[in-house]
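Step one of this worksheet: look at the structure below.
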Amino acid sequence: MVNTTYQVQGMTCGHCVSAVGAIAGVREVRVDLAGGLVTVSSDQPLDPAVVRAAVDEAGYDLVEA
């Protein structure tokens, strides 16, 4: 299991969870709205471009990948 934390700008709700959770191999998504952090547990490392696209689609900005 791989855990990766991303900084996401503009999050005001947990909508990002469903967008990132739909990525193949993702097992769990935890969101810290106050800190603007999304922690993803996955079977193997995720392609940052795929995570960025999911976050963008949810209407937020990935600060770090």
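Values quoted throughout were computed directly from the atomic coordinates according to the rules given, and no laboratory measurement underlies them. Everything numeric in this text was worked out from a predicted model, so none of it was measured. Glycine also receives a Cβ, built like all others from the backbone with ideal geometry; neighbour counts cover every protein chain displayed.
Take the conditions over 9 Å from the mean Cα position of the chain (by Cα), free of Cβ contacts under 8 Å to residues at least 60 places away in the same chain and surrounded by fewer than 18 Cβ atoms within 10 Å (Cβ to Cβ) and apply them to MET1. Does it pass? Yes; evaluated as a whole, the condition is true for this residue. For the stretch 29-50, the set of residues classified as within 12 Å of SER18 (Cα to Cα) and surrounded by 16 or more Cβ atoms within 10 Å (Cβ to Cβ) consists of VAL29, VAL31, VAL38, VAL40, listed by residue number. Which of the residues belonging to the stretch 1-47 are of a type in the set (Ser, Thr, Tyr) and farther than 16 Å from VAL63 by Cα? SER18, SER41, SER42, listed by residue number.
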